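Written below as structure tokens is the structure these notes are about.
Laboratory data are not the source of any read-out in this text; all were calculated from the coordinates shown. Here the structure is a predicted model, which means the values were calculated and not measured. Counting neighbours? That spans all protein chains shown, and the Cβs are built from the backbone with ideal geometry, glycine included.
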Amino acid sequence: MVKAEEVRSLGVVGAGQMGRGIAQVAAQSGLGVVLVDQSPEVAKAGVERIREALERLVDKDRISAAVRDATMERIGVRDGLADLGACEFLIEAAPEKEELKLQIFEKLGQVARDDAILASNTSSISITKLGARSGRPESVIGMHFMNPVPVMKLVEIVRGLPTSDEAYQVTVDLARRFGKVTIGARDIPGFIVNRMLIPLLNEACYALYEGLGTAEDIDTGVKLGLNHPMGPLELADLVGLDTCLYIASVLHEELGDDKYRPCPLLRQHVAAGWLGRKAGRGFYRYDDRGQRL
């Protein structure tokens, strides 16, 4: 199995919000990054979003133009999973759909180099199950970044039942190279953070559904009453209401407790395509840059 100091190239599967963020912090830390998605065009669009994010940091004097340019030079786009075979470490950041992730891990198990570590950014799906599908379960681990990745310090490291000690330590070391703080979590649905967060977001949906207050009232109450930096409904819009619904459904099904039962209003929003910032509408409305209207 690859050692931490031998990790020089990172493969990222998924050029959405989480995948872009992971690619950015990895490249900023000095790693070469190979980004793939369902098509090269989608991956290239993701790279342009990374460029825009770095440009904003330059404008705010948080990084230099030289750092921006060096970071972008380390990020490349390839056609698909088969092109990740040279990477020492791979991170899957596809949408939170179990069958999709299982298919990805099956393919990664076939194309990745024998000593590579395969990580998933999943926030709810069993690492043990993903590992089994890969055919190399001792090398599969959960590496759950928080959103937005470049800003949030925490990474949950989740071991499947067969995950080796070596894979765990390399993953912890890599996260620290990214400037992150790690915590360990058992491979139980929701892990630590989402086990607590999703019931909060879901209960805020129920509060709105039952007319306890407006979305603005609920969010202001939590921000000023509990000293949270964001209200639960605006946070749900940031995470993506489809992702919130999926995780709540997994928690409800796997743990069998009605306290995780998804709110009907959340289901309605997802059915309407009101998925939050990425769709321009969730509990609030947003412009093309994701700013609230």
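List of remarks:
- Taking the Cα centre of the chain as reference, the dipole from Cβ charges on Lys and Arg (+1) and Asp and Glu (-1) amounts to some 380 debye.
- In this structure the amide hydrogen of residue 143, modeled in the peptide plane, comes within under 5 Å of the amide hydrogens of 120, 121, 122, 158, none closer than 5 places in sequence on its chain.
- Value at 222 nm in deg cm²/dmol, rounded to 500, when DSSP H runs of n ≥ 4 in the chain each add -39,500 (n - 2.57): -14500 deg cm²/dmol
- Averaging 1/r over every pair of different alpha carbons in the range 137-266 and inverting the result gives a Kirkwood radius of 16.1 Å.
- Pair-distance profile P(r), taking every C-alpha pair of the range 30-73, with 5 angstrom steps and integer %: 6, 23, 25, 22, 15, 7, 2
- The range 46-138: Cα Rg divided by the 2.2 N^0.38 Å rule of thumb: 1.32
- Report note on the peptides 180-192, 99-111: ranked by the mean count of other C-beta atoms within 10 Å, highest first, their order is 99-111, 180-192.
- Shape call, the chain: gyration tensor on alpha carbons, a/c limit 1.5: oblate
- With all pairs of separate Cα atoms included, the range 236-293 yields a Kirkwood hydrodynamic radius of 11.6 Å.
- Where only C-alpha atoms are counted, convex hull volume of the range 1-43 per residue in Å³: 75 Å³
- Summary of packing: across the peptides 232-245, 204-217, the per-residue average of other C-beta atoms within 10 Å ranks them, highest first, as 232-245, 204-217.
- The range 196-276: proportion of alpha-carbon pairs further apart than 23 angstrom, %: 15 percent
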